[in-house]
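Throughout, read-outs are computed from the coordinates displayed, never taken from laboratory work. The model shown is predicted, which means the values in this text are computed figures rather than measured ones.
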Amino acid sequence: MIKTKLKNFGLAKLLIGLSVIAIPFVEMDQDVYANPSPAKVTVTATNLNVRESPSISGKVMGLVHKGDTFVVMKKKNNWDQIKLKNNQTGWISHAYTAPPKNVGATVKVDFLNVRTGPGVSNPVIGKLDWGAQITVQAEQAGWAKIVSSSGIKGWVNEYYITKHEPNKFHTQAFSKPPTSKNTTDHDKKSSAPATVSPKTTTAKTTIQGPLSGKTIVLDPGHGGVDIGTTSIDGTHEKKLTLETAKAVEQKLKNAGAHVIMTRTNDTYISLPERSNISNQNGADAFISFHYNWIKDPSVNGMTDFYYQKSRDNELASHILKEVAKTTKLENVGTRFNNLSVLRNNSQPSTLIELGFLSNKQDDAVVEGSAFNENVAQGIYLGLLNYFSKK
Ligand SMILES: [Zn+2]
């Protein structure tokens, strides 16, 4: 008995299952098959009703807004069935839509998360750096579907990008119908949609301070397979330069500067890549950090190199002067040097050699506990002087 009942129940389940699977195919519109890539529309009306059926008498289930872009599932007469969030569908009047336009944009924050969908609950599939060039293909709920010039595809929070073609309309994917009776499909008098709070994002914002508005590229010398020189104590130069640059980064960020690091861990970065980061971001100053080494152990002191004297020497000498004061290393003056990171730089740039790791006195200072903080303070003061005299 129990067996028979189970059999019948199983058959019923199978039939229900088949009907559920079959229905979407039966209802599938031929146009969808004819079109290999899904058709998309962008809303051109300030507020546009979404209806449950393709008719002016269809029940209003929500609103979409100017600039919102949707995939069109089906078309019927002059109505588009659009796919909303949570896989809901609804109908909008095709008269208030246009084909979507791809808009160029620039990333305006360090490390912008790229996600699989519009919202912070979607997994991160990539990151974009400040200044990255992207194309916006669609917009939804304050999020932009993008493709970067480096080929990264996904969704980013629109708050952290600047579109090259200004779009003064904030987008929101779907809102409940207004409480006041609104029976039109195109209501210009409706108030602007509420803005989407960017608070939930993990992207960073900059602080106001004396270096606000300045872009500083910090370049910790060497890294990865390139260890640089080795100190008397056996420490690799690549490790010291990274620690120093990180202390400087924190100091300058606290002062409001926009700081870009050419590397933040023990990785190899080629010399052209380093100067490219400066060039592409239009750095106000590029500072490369190194430690010196020479056979003669009696040689000590600190030097700061320039390539183009008229462009770089002012920056180099302001920094050297202050860092020598804060670290108490001997200031041996600025000098010309034909170095790749300076030669291939289009921005004011300098390479600082923070003492000789081959000299006992210098090495003791450099590997001392207060050294990196002292360098950071010196760089900060040097930059303040440099920018105040420009
Ligand atoms: Zn070096």
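The table that follows gives values for the structure above.
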quantity: Over 21 Å (Cα to Cα) - which of Lys108/Lys253; Lys85/Lys108; Lys108/Lys163; Lys214/Lys390 fall in this group; calculated: Lys85/Lys108
quantity: Along principal axes, Cα extents of the range 215-388, largest first, whole Å; calculated: 38, 34, 31
quantity: Convex hull volume per residue for the range 303-390, taking Cα atoms only, in Å³; calculated: 89 Å³
quantity: Under the Karplus curve 6.51 cos²θ - 1.76 cosθ + 1.60, θ = phi - 60°, whole-Hz ³J(HN,Hα) for the range 331-344, x wherever Gly or Pro sits; calculated: 8, 9, x, 8, 8, 6, 8, 7, 9, 3, 5, 8, 4, 8
quantity: HN-Hα J in Hz across the range 148-159 - Karplus 6.51, -1.76, 1.60, θ = phi - 60°, x for Gly and Pro; calculated: 8, 5, 8, x, 6, 10, x, 10, 10, 5, 5, 4
